[in-house]
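The values are calculated or read from the model by the stated rules, or taken from the named source; none is laboratory data. Here the structure is a predicted model, which is why all the values come from computation and not from measurement. With ideal geometry, Cβ positions are generated from the backbone for all residues, glycine too; neighbour counts draw on all protein chains shown.
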Amino acid sequence: MANERGSIRQNRAPSALPDLCNLGVTLRVLLAVNGLALLALLIRNAAWSGLAARIVDLAMWVEPILISSLLAICASRKWLDRIPYRFAFLLAVAAVAAIAWFFDSLLRQTVDSTVNPWPAMLWAALVAAGVLKWLVLTQQAREPALAEARLMALTSRIRPHFLFNSLNAILGVIRAEPRRAEAALEQLAELFRALMQDPRDLVLLSDEIELSRRYLDLERLRLGDRLKVVWDIESCPPDALMPSLMLQPLLENAVYHGVEPADDPGTISIHLAHANNRIHIELINPLQPGHVHAKGNQMALANIRERLMLLYDLEASLATEVGENSYTVRITIPYRKQ
């Protein structure tokens, strides 16, 4: 069925410039521009003698322009995102050309003040336009992967056994505690409403925590006092933005692999903190002796890792640690707010 977003395989027209504040995008730009400059030097260089000196001279011209351009576009990103893409593209290219003119004039004053600065501006503008277009095409090429990752998330975030167990737990209390059963059905509906959200949308941390609490309340219907949860979230700002439904799959894994197999009560610890302009998430669940984390657990973690890469590139990380009696998942994402 057609919709506003179009087909999964359809690439939409870009609406904004690439995020040059993103570490991964910045690294790709640095490698691409320096690689092009080095390739041009090697093509023009007739002899190997003096190549090292020419590389140093080229770096003295390229690096100030490149770094200043990245900083300028990153600093004006919010303003550029408010204007149409074509105008933002032209302004970014013009800014790079102006920066090239400034540094070229500055460097050549001590050598030859009569040198025409227009070639430097033209080359800088052409390279800027080419690199920006390359980044846009790369981003468009990843759009199908984003859509397919969404389909993967829709099928793997909430396992069928969770749905059946939750419904059975609700049926078990519907006669004795009808109000509790009604509240549980509302919580289940909220979980599936959040499940249908676009994974590219960021949600408030406070909403993600509330959704996770709803999920844990559903699990308590069948596990009762065996499930204990400790929240440590005071040092984390509630207005932080994060990918939707990222905590719930982690909690589901913790319940399924850490609490459910044990006869005794198990405690799941969730720590959220804000430091160095980043949000740090740590989830610890008990690990039963001889119990191996199943393939489903690794699939869920791989799903989250892929979503983090698609949304944040190299600015996010996910790591796991298996202890003697515990399993820990650590996630770090940039601190963004509305």
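When segment 309-329 is limited to residues that are modelled with pLDDT of 85 or more and aliphatic (A, V, I, L, M), the one that is farthest from Leu251 (Cα to Cα) turns out to be Ala316. For segment 69-110, the set of residues classified as over 28 Å from the mean Cα position of the chain (by Cα) and assigned to a loop (DSSP other than H, G, I, E, B) consists of Gln109, Thr110, listed by residue number. The set of residues from segment 52-72 being surrounded by fewer than 17 Cβ atoms within 10 Å (Cβ to Cβ) and either in contact with a His (Cβ under 9 Å, 6 or more places away or on another chain) or of a type in the set (A, V, I, L, M) (or both) comprises Ala52, Ala53, Ile55, Val56, Leu58, Ala59, Met60, Ile67, Leu71, Ala72.
For segment 23-51, a residue qualifies if it is under 20 Å from Ile73 (Cα atoms), among the hydroxyl-bearing types (Ser, Thr, Tyr) and either at pLDDT below 85 or surrounded by fewer than 12 Cβ atoms within 10 Å (Cβ to Cβ) (or both), but none of them does. Listed by first and then second residue, the pairs with beta-carbon distance under 7 Å, at least 6 apart or on different chains, first residue in segment 237-250 and touching a residue at least 24 places away in the same chain (Cβ under 8 Å), second hydroxyl-bearing (Ser, Thr, Tyr), are Pro238/Ser206; Ala240/Tyr335; Leu247/Ser212; Gln248/Ser212; Gln248/Tyr215. Of the residues making up segment 253-270, those that are in contact (Cβ under 8 Å) with a residue 24 or more places away in the chain and either part of a loop (DSSP other than H, G, I, E, B) or surrounded by fewer than 17 Cβ atoms within 10 Å (Cβ to Cβ) (or both) number 6. Taking residues in segment 167-193 that are basic (Lys, Arg), and partners anywhere that are assigned to a helix (DSSP H, G or I), the pairs with Cβ atoms closer than 6 Å and at least 6 places apart or on different chains are Arg180/Val173. Confirm whether Leu66 is closer than 22 Å to Gly24 by Cβ, touching a residue at least 40 places away in the same chain (Cβ under 8 Å) and part of a helix (DSSP H, G or I). No: the conditions fail for Leu66.
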